[in-house]
């Protein structure tokens, strides 16, 4: 009887699932509902996938995602498509650069023109704000504009610059004569440590008077004296800078600094040179009385920073390449150009020798870390100076030298120099940007996954 009843039900079609077959795109783990709901949320199509979208995991990987985006856009702007094509932040930035590249503090009306350019930059970002939502470069630019307006005390309301300004060529303004010059950096500090135009880092004896720079426009000479008895290390106690005459802009001017006498004027008592009411060709700016002086030669594009830290002096120079190369065969002895003679070198193959330990090694490391977080050549120079002299002022000298380098050195990718043979220098010595990028990303992945 049971078999007959089942057979009759099959013939009538009762008890069978007559619903349409399930679509493959519908997640079997999702709650009951229609297979497609317009613009709704997609379901999870594999077991455990719903955990990947959890807020906690997104928060955990957010630093990695931001690092990838920032490094990608910073290294290859335009190759990383973070924002839709209609975002015009690059055009805004390009216009701002074109409005300001010819401006220098030496030009009358610099503040007014710079504020006009900032307001034009801000207006441009506002026009493209809607299409640049989520663009890191855009939001960085907006924050940068706000900071610059505060620093320069610029009002939000006021006139803006034209996108195509008329550039006035001033014979005593180097940047007016050369739109995009290349620059070189040279620095001297400590016992003494020399950073040349080629970014070679050396520690030298060079006792007595030595020329750092000697060309047709500028001469810089330093005098070094022994620091402690029994050591070959010396330090700078005198700096002489000669700005040579330049027709129509300046007569010869001499600046001389010695220990405990860091003047804010040239030898003749003047602090500036140039025709009244026009661009200043040469001037001195005292940043900290008796401690920090800056010399600006606008007619040749040179900036020199002189400091006294403890009993000794430090020097940092930014100079255009064509000015640095304007010398003849009789002027080839220039420490900034060719480095120290081999017989004057203290460092051996890029390594500083173990000095007489006036200062304990652990204590020296701790003291240097207070000022220098990265263990690059400035950190190791700090260690050498402390171990040699026991004078903690050399810690501040290394830190100040680093900051002066960062403010004057034109190439950010060359700022850091590491002692030869260290793991860090080996990893970062590769000149291929792709490998550096990969290294950064791998490090970030490891940190996130720890």
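The values are calculated or read from the model by the stated rules, or taken from the named source; none is laboratory data. The structure displayed is predicted, hence computed values, not measured ones. Here Cβ is always computed from backbone atoms with ideal geometry, including for glycine, and neighbour counts include all displayed protein chains.
Quick notes on this structure:
- Matching residues, region 188-208, being part of a strand (DSSP E or B) and farther than 12 Å from residue 236 by Cα: 195, 201, 202, 203
- Screening region 236-252 for residues that are in a strand (DSSP E or B) and either over 32 Å from the mean Cα position of the chain (by Cα) or at pLDDT below 95 (or both) and picking the one that is nearest to residue 216 (Cα to Cα) gives 246.
- Residue check for residue 133: modelled with pLDDT of 70 or more, under 30 Å from residue 280 (Cα atoms) and surrounded by fewer than 15 Cβ atoms within 10 Å (Cβ to Cβ): no
- Some residue of region 224-235 being under 26 Å from residue 332 (Cβ atoms) and under 26 Å from the mean Cα position of the chain (by Cα): no
- In region 209-220, the qualifying residues are those that are part of a strand (DSSP E or B) and in contact (Cβ under 8 Å) with a residue 60 or more places away in the chain, and the one that is nearest to residue 247 (Cα to Cα) is 218.
- Helices (runs of 4 or more DSSP H) contained in region 389-450 and holding at least 2 residues at pLDDT below 50 and not assigned by TED's automatic domain parsing to the domain that holds residue 185: 423-428, 433-449
- Checking each residue in region 383-406 for being touching a residue at least 40 places away in the same chain (Cβ under 8 Å) and within 21 Å of the chain's Cα centre (by Cα) picks out 396, 397, 398, 400, 401, 404, 405.
- Top-ranked residue in region 338-382 [being at pLDDT 80 or above, surrounded by fewer than 13 Cβ atoms within 10 Å (Cβ to Cβ) and closer than 30 Å to residue 327 by Cα; ranked as nearest to the chain's Cα centre (by Cα)]: 342
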